1. Kindly indicate whether any position in the range A:246-254 is under 18 Å from the mean Cα position of the chain (by Cα), surrounded by fewer than 22 Cβ atoms within 10 Å (Cβ to Cβ) and closer than 20 Å to A:Ala52 by Cα.
2. I'd like the full set of residues that are outside any helix (DSSP H, G or I) and more than 14 Å from chain B (Cβ to nearest Cβ), limited to the range A:39-87.
3. For residues in the range B:427-463 being assigned to a helix (DSSP H, G or I), within 13 Å of chain A (Cβ to nearest Cβ) and without any contact (Cβ under 8 Å) to a residue 24 or more places away in the chain, which is farthest from B:Ser395 (Cα to Cα)?
4. Of A:Ile128, A:Ile99, which residue is over 30 Å from A:Leu38 (Cα atoms), of a type in the set (A, V, I, L, M) and either away from chain B (no Cβ under 11 Å) or surrounded by fewer than 21 Cβ atoms within 10 Å (Cβ to Cβ) (or both)?
5. If a residue counts only when it is away from every other protein chain (no Cβ under 14 Å), touching a residue at least 12 places away in the same chain (Cβ under 8 Å) and within 21 Å of the chain's Cα centre (by Cα), which helices (runs of 4 or more DSSP H) contained entirely in the range B:145-243 have at least 2 such residues?
6. Modelled with pLDDT of 95 or more, in the same structural domain as B:Ala106 (by TED's automatic domain parsing), surrounded by fewer than 24 Cβ atoms within 10 Å (Cβ to Cβ) and among the β-branched types (Val, Ile, Thr): does that describe B:Thr215?
7. Within the range B:464-481, is there a residue that is out of contact with any helix residue (DSSP H, G or I) (no Cβ under 6 Å at 6 or more places or on another chain), charged (D, E, K, R) and not in a loop (DSSP other than H, G, I, E, B)?
8. Kindly indicate the residue of the range A:131-144 that is part of a loop (DSSP other than H, G, I, E, B) and either among the hydroxyl-bearing types (Ser, Thr, Tyr) or at positive phi (or both) and also farthest from the other protein chains (Cβ to nearest Cβ) among those meeting that condition.
Amino acid sequence: MSTRLDVKKTYKLYIGGKFPRSESGRYLAAKSAAGVHLDNFAHASRKDFRDAVTAARAAVNGWSKATAYNRGQILYRAAEMLQNRAGELVNEIARSTGIRAAAARREVTLAIDRLVHFAGWTDKYQQIFGSVNPVATSHFDFTTPEPTGVVVVLAPDEPSLLALVSLVAPVILSGNTAIVVSSEKFPLPAATFAEILATSDLPGGVVNLLTGKRAELIPHIASHLDVNAIVDGVDDAELSAKLQAGTAINLKRYARRSLAPADWFTVKVENPYWILDTVEFKTAWHPIGV
Amino acid sequence: MKTKPNALKIAGRKSRAGLQNGHPVVPLRERRLNFGDKWDYAPAPEESKNYLIAPRHELFINGKFVKPQSGKHFPSINPATEEKLTEIAHGDAADVDKAVKAARRAYEKVWGKMPGRERGKYLYRIARIIQEKMRELAVLESMDGGKPIKETRDVDLPLVAAHFFYHAGWADKLNYAFPGRTPRPLGVAGQIIPWNFPLLMAAWKIAPALCCGNTVVIKPSKTTSLTLLRLAQIFQEAELPDGVVNVITGVGETGTAIVQHPDVNKIAFTGSTDVGKQLAQMVVGTGKRITLELGGKAANIIFEDAPIDQAIEGIIAGIYFNMGHVCCAGSRLLVQEGIFPTVVRKLRDRIQTLRLGNPLDKNTDIGAINNKPQLEKIRELVQSGADEGAEVVQSRCPLPARGYWYPPTFLTGVTASHRVAQEEIFGPVLSVMTFRTPEEAVERANNTPYGLSAGVWTDKGSKIFKIVSQLRAGVVWANTYNKFDPTSPFGGYKESGFGREGGLQGLAAYSRLD
């Protein structure tokens, strides 16, 4: 009787639309909740982070100039792709965390619906949060939200897919680009999700994914001068303090989203005010007169 | 005095050609654009034979195609060839009643209770299928209505998909749309749409109605039923629950039956001001909500400091797009006196370059007039213009022997009291008037019972905002014309109707906000 050998997957980073290994050559072993070795994944370094920022910065111009309609279509496409490959993500989550398949399926289903939900915000939040202002002089005066630029997003350990999707979508829907630091304990679902983004017509560099150790990357995230904002979903007060301390250096915008794992499953996460944390309001004036 | 349709006349201009080296020399001011045969294009027909049209179409009620109670059908033709395309079901009051009952059941048992998130996903599915079938729908729209494929393919159909996409995203976000309010659906919406943008008007009506939780009974114009029926097939493919949208094809009385049905909560109508007024009368005392999108006689104002060549393109697009079958068409040109000769000369030359012919040819700019009564109305009104003293300038383009055609035309020497300055022609006919001051332009622009749209052409930003603020029109285009987007509300002032479609404000028409 001959048995067939499985072809094992190598999990890599996602930077600039490509899947490189860490420039440091390091790797980590992903283990299940029970301590069983699953697969190896890339251990991102400071330089990987700097490369990711470069890629994200390069992508801002094109992505922010895409029409809101187009950005919405791409997010919807990501939902299509995730729906189509739901089984794969269910498997990744279940074998990593040890939760039952039904619970993993619930997480993936919610992640799909969350992408659909945020896809629908791209061409609407401007109408709700922008304004034409009735100034007391003869001027046409309007205020409109614009993306802030490059945003670092830190995902919590659990839920490893749903929290990441819920944090990234409101950031990129307005035209920002993102560097995502995945769950540290369960990175494999995030790495697979990056493949789904890569096949959703999302331009390279709009989302970049780093797997590895948060504590190692945080000082460099905090001190990087070309990062415009940090969205902190990590449920660790000490790490958050370090991140926030670094924002003063170039006045990065900082938003903390510290939720219990179960909270990510609730509808309160579908919050358009999260979009506002990474936009800037521009006000413009023009005289009215003949 | 009968104007020959193909004769080009310029009022009061005599050519004074001299001779140089034995050759006649036309003074620079008088030279006409003449490309000879350099602008003869080879035919470029869009492929259409793969799209099969069934010989007979039925009504769409409760998720299925069903025969009309009367058993009667009427022919629908291709206005470019006068050939019969298919037979359409003649729906009557009994069919309308079945449809309203189906819509009410669907509203109460399924759609009105469904979470917005799921309603949105149906609309997204529909949008995606429309995108897949865009070419087929564009070809059918061109064949059924006479519209050039360039427009159905590049304007109508992309906007149709975009409307479903935009409204799909609102379905689970309505709580944010109106501060302090929790919007609720109205119930069953009765909708009647016209023949000038058949599928686009269907999208403008159906998408917001469904997004806000209502169900629909909708009637297309009798000359353009095909694409809405094809959309009904798309609803089936998207597994839209039975009864959420019902299509009752038919004639004027069919529409009246919808408006008068006691179990319809909301009426939406796009069409002529005359019929709109009749419908407004019909709903008095019934408690039904109503929105109307009616006719227009938009002023397109061009100032001396306008970018002239861009403005000419905008004026041309404003009146000849879709053969002028556009409620918001820029059908009155108000030209500041100083540039009048230049503008008229450029317009005259430009209309001569517009290609009129087979709507399925990708080079065609001007397609067929949608139906014979409309063609006769256009002819009658242009004749009235000539009779009342205006000069008629028309393209010399050849007209095909079969089908309903009218060449691009403009009239100069029009005064405000002429019929061609007051009545909506709804054809490729532009009435040209002059003005001196901005104040006069605004006064002339506002001097009709209509108030749907207007255009302003000037390079000076402050002038744009001033004029925009003074024009009594629901949509004002500055240095552009005929731009539409699902995020941008559209609707009229005064007798052009009330209510807005599209955008944040457009959701109000389909919601209870109390």
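The values are calculated or read from the model by the stated rules, or taken from the named source; none is laboratory data. As the structure is a prediction and not an experimental result, all values here were calculated from the model. Note: ideal-geometry Cβ built from the backbone for every residue, glycine included; neighbour counts use all protein chains shown.
1. Yes, there is a match, as at least one residue in the range A:246-254 is under 18 Å from the mean Cα position of the chain (by Cα), surrounded by fewer than 22 Cβ atoms within 10 Å (Cβ to Cβ) and closer than 20 Å to A:Ala52 by Cα.
2. A:Asp39, A:Asn40, A:Phe41, A:Ala42, A:His43, A:Ala44, A:Ser45, A:Ala66, A:Arg85
3. Once the filter is applied, the top-ranked residue is B:Ser462.
4. Exactly one of A:Ile128, A:Ile99 is over 30 Å from A:Leu38 (Cα atoms), of a type in the set (A, V, I, L, M) and either away from chain B (no Cβ under 11 Å) or surrounded by fewer than 21 Cβ atoms within 10 Å (Cβ to Cβ) (or both), namely A:Ile128.
5. In the range B:145-243, the matching helices (runs of 4 or more DSSP H) lie at B:198-211, B:226-237.
6. Criteria not met by B:Thr215.
7. Looking through the range B:464-481, at least one residue is out of contact with any helix residue (DSSP H, G or I) (no Cβ under 6 Å at 6 or more places or on another chain), charged (D, E, K, R) and not in a loop (DSSP other than H, G, I, E, B).
8. The extreme case among them is A:Thr137.
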